[in-house]
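Following: one structure in structure tokens, then a few remarks.
The values are calculated or read from the model by the stated rules, or taken from the named source; none is laboratory data. Keep in mind it's a predicted model, so treat the numbers as computed, not measured. Cβ coordinates were reconstructed from backbone atoms using ideal geometry, including for glycine residues, and neighbour counts include every protein chain displayed. With ligands, DNA and RNA removed, areas are computed over all heavy atoms of the protein, side chains included. Shrake-Rupley method; radii C 1.70, N 1.55, O 1.52, S 1.80 Å.
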Amino acid sequence: MISKVEKPDVVERHLILGGSGFIGRHVAALLVQSGHEVVLAGRSLSKPTFTPALEERVGWRSFDLANAQWDSLIDGITVIHHYAWSSVPASANNDPSLDLSTNVAPTLGLLEALRKKGSLAPRLIFASSGGTVYGKLLRVPVHEDHRLSPITAYGAGKAAVELYLGTYRALYGLDCRVARLANPFGAGQNLAKGLGAVTTFLHRALSQQPIIIWGDGEVVRDFIHISDVAAGLVALARAQPLDSHHVFNIGSGEGVSLNGVIAELESKLPHRLDVRYEHGRKFDVPVSVLDISLIRETLGWRPSLSFSEGLSQTLGDLGGGGAHRDRSEVSGPEQ
């Protein structure tokens, strides 16, 4: 699903690192629809497919975060979207040093390349993790001024990059912006990475497979449909220079337990689900709900879909089957 956006006064050239990923594809479609130029950069051997109306307006560069040639990659770019990250919480915990060397260190290389460009440096949007950088919440929903206290190596890596972005912003005047994302879901999400509880549950429900829940199912998360994530990121990327704030939560602002997800799914499907409960995991934060008042008041963005509506949208995008069709591949620009 592609959200409606206004045509820009100035056409910008956006580079999306991790452009073949779930978020990158949807942001690219939204930017191109709004009239901007987009270059995707990713590890895939070929560019993701879009509708013919969008296809010819999206460029592609082969890219590996760990070995990026930043000077040539960012040449002529107005805005950089940094969505590339090679780990997930489990893999980062298994090898924190690898996570540091393949994600945090290369991002420092990007910041150095931007520093050398001085006033000509493009602005940088970094996709952080609102579900992991805060750790166990002292208040719910959590505001951006909450302490950073991650309890996973994945969250620590994201928080480290956030701190470096703030440092380069303060020392060298770089326009670095941080989006702390909630838990996105929707058609086209890659289930192999082990992320996306809602999409995983939905896939298994449609495939008549058992759904595994770690713990008692009362873990609460902030789930947001991918179309709203993309719209929030585009709003942040297109905003005028931000002097007072550069870190924003992007979520629904509402919490849903895993048991609540199951109940909502069962209300939309013609059969009961096979749900199996396993022992809880130490790295699962009990409650994670984001306060989105800052981005609403500063940029005028808010999600357009409730959790129930987003789930219905995803079911519609999947056509009632188990194949994860990407909505951005079947929708064209507004005429």
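In region 184-223, what residues are assigned to a strand (DSSP E or B) and either without any contact (Cβ under 8 Å) to a residue 60 or more places away in the chain or charged (D, E, K, R) (or both)?
If the condition is that a residue be assigned to a strand (DSSP E or B) and either without any contact (Cβ under 8 Å) to a residue 60 or more places away in the chain or charged (D, E, K, R) (or both), then R221 is the only one that fits.
If we keep just the residues of region 193-207 that are of a type in the set (A, V, I, L, M, F, W, C) and within 16 Å of the chain's Cα centre (by Cα), which is least open to solvent (accessible area, probe 1.4 Å)?
Out of the qualifying residues, it is V198.
Give region 281-306 a look and list any residue that's open to solvent by 30 Å² or more (accessible area, probe 1.4 Å), assigned to a helix (DSSP H, G or I) and in contact with a His (Cβ under 8 Å, 6 or more places away or on another chain), or say none.
Selection gives T298 alone.
(1) surrounded by 16 or more Cβ atoms within 10 Å (Cβ to Cβ); (2) under 27 Å from L31 (Cα atoms); (3) not hydroxyl-bearing (S, T, Y): which one isn't true of A92, the others all being true?
(2)
Output yes when any residue across region 19-26 is outside any strand (DSSP E or B), over 21 Å from L181 (Cβ atoms), in contact (Cβ under 8 Å) with a residue 12 or more places away in the chain and within 19 Å of the chain's Cα centre (by Cα), and no when none is.
no
From (1) open to solvent by 30 Å² or more (accessible area, probe 1.4 Å); (2) under 21 Å from G186 (Cβ atoms), pick out the condition that doesn't hold for R43.
For R43, the exception is condition (2).
What helices (runs of 4 or more DSSP H) lie completely within region 66-127 and have 3 or more residues being of a type outside the set (A, V, I, L, M) and at pLDDT below 95?
Fully inside region 66-127 and qualifying: 89-94.
Provide a single number: the residues in region 132-172 that are in contact with a helix residue (DSSP H, G or I) (Cβ under 8 Å, 6 or more places away or on another chain) and of a type outside the set (F, W, Y).
Residues meeting the conditions: 15.
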